[in-house]
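Q: First the structure, then my questions, so here it is.
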Amino acid sequence: MEIVFINDGSKDATESIINALAVSDPLVVPLSFTRNFGKEPALFAGLDHATGDAIIPIDVDLQDPIEVIPHLIEKWQAGADMVLAKRSDRSTDGRLKRKTAEWFYKLK
């Protein structure tokens, strides 16, 4: 198991905090971008540097409930090639965010 942290060009203390975590915990893998490249490049960098058999991408702000991770792992261990999760409550999202999510989940 490992935890890959990607600092997407943040100008605050994020990089030093991640590096300190990596020094104290060998499971932490720090990555830092020189500037903000956006969510997708950060996600792909994390996927490229991950070495495990399973990968669970999650935003550091914990907008996704980490309580579902054991359930995802359970499904994967039961033989699923891929396990996906979908937010069931978007009441706190704005109209545009809700609409784009609706369009995305209608894609087949």
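Every number in this text was worked out from the coordinates using simple rules, so none of it is lab data. Computed from a prediction, not measured in an experiment: that's the story for all the values here. Cβ coordinates were reconstructed from backbone atoms using ideal geometry, including for glycine residues, and neighbour counts include every protein chain displayed.
Q: Under a Cβ-only charge scheme (Lys and Arg +1, Asp and Glu -1), can you give me the dipole magnitude of the stretch 65-108 about the Cα centre, in debye to the nearest 20?
A: Charge dipole of the stretch 65-108: 420 debye, to the nearest 20.
Q: For the chain, what is the calculated [θ] at 222 nm in deg cm²/dmol (nearest 500), taking -39500 (n - 2.57) for each run of four or more DSSP H residues and dividing by its residue count?
A: The helix contribution divided over the chain gives -12000 deg cm²/dmol.
Q: Taking a threshold of 26 Å on the Cα-Cα distance, which of the pairs LYS11/LYS39; LYS11/LYS86; LYS11/LYS106 fall above it?
A: Going by Cα-Cα distance, LYS11/LYS86; LYS11/LYS106 fall outside the 26 Å limit.
Q: Still on this structure: So what is the relative contact order of the stretch 1-52, in percent, for Cα pairs below 8 Å that sit 6 or more residues apart?
A: 51 percent.
Q: Further, regarding this structure: Measuring from centroid to centroid over Cα atoms, what is the spacing of the stretch 31-85 and the stretch 86-104 in Å?
A: Going from one Cα centre to the other spans 20 Å.
Q: Counting other C-beta atoms within 10 Å, and keeping those with at most 15, which DSSP coil chymotrypsin sites (Phe, Trp or Tyr not before Pro) do you find in the stretch 21-60?
A: PHE37
Q: Points 7 angstrom from Cα along the Cβ direction at ILE66 and PHE33: gap in nanometres?
A: 2.3
Q: If R₀ is 41 angstrom, what is the calculated FRET efficiency for the pair ALA20 and LYS106, using the beta carbon separation as r and rounding to 0.05?
A: Working: r = 44 Å, r/R0 = 1.06.
For R0 = 41 Å, the calculated efficiency reads 0.40.
Q: Add +1 for every Lys or Arg and -1 for every Asp or Glu among the other residues with Cβ under 15 Å from the Cβ of ILE66, and state the total.
A: Residues near ILE66 contribute -4 overall.
Q: Label SER10 and ILE58 with points 7 Å out from Cα along Cα→Cβ: what is the distance between them in nm?
A: Going by the 7 Å Cα→Cβ label model, 1.6 nm.
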